[in-house]
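A short reminder: the numbers here are calculations on the coordinates, not readings from a lab. None of these values were measured; they are calculated from a predicted model. Neighbour counts run over all protein chains shown; Cβ positions are idealised from the backbone, glycine included.
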Amino acid sequence: MSIWPIIHATGRRIGYARVSTKDQKLRMQRDALSDVACDRIFEDHGISGSAASRSGLDAMLAELQEGDTVIVFKLDRLGRSVLHLSDLLVRFRNDSIHFCSLSEGINTTTPGGKLIYHVFSAFAEFQRDLIVENTLAGLQATKRRGTKLGRPPALDIETATLAHQSIRQKGISISEAARRIGADRSTLTRWLSTIDAE
């Protein structure tokens, strides 16, 4: 009898495994993903979770189809931050993709498990609100100290945050997001780095 959650999805089971350093082994994650009969497993080996781009994760996201289930051994193998993880789960929900984290027992193929999408969606919105609030508070504090801020930024934090949300949750490209908000790609990229660093 399997110790892992029962997955009730009709689509493919797509596994994802990651270790942060070359010295670490993927064997335990591979074994667990094989135990739940993953059709395909994508891997990133020796890549930190904080890396902006991960070839295995990027390939998996490009491969996913409606009805698939993404399966990981632990939550921290997928997202590089809680905001990144939250955005990925919102993206899965938007694309009708299920998610299962074996160690935590999170399984959106069950009615109760679907609640996790709502929790992470609310958290992503909360986290972005905090980023905007903290950025604006920092600017106000700088002004109160009499420090000159230079010319106004080409892009404000609220607009950059909305663009960040579209990129991370809907999978649109940075170039497309920049076009939609009327900003240079390089300007938006700088803001994205700032938001991801929070």
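Residues whose amide H comes within less than 5 Å of that of residue 42, counting only those at least five positions distant or on another chain, are 15, 16, 17 (H built at 1.01 Å from N in the peptide plane). Potential lengthening of the chain between residue 162 and residue 114 amounts to 14.8 nm, from the contour at 0.36 nm per residue minus the alpha-carbon distance.
For the chain, leaving out every one of the trypsin sites (Lys or Arg not before Pro) that falls in a DSSP loop and has at most 12 other Cβ atoms within 10 Å, the longest unbroken run is 26-144.
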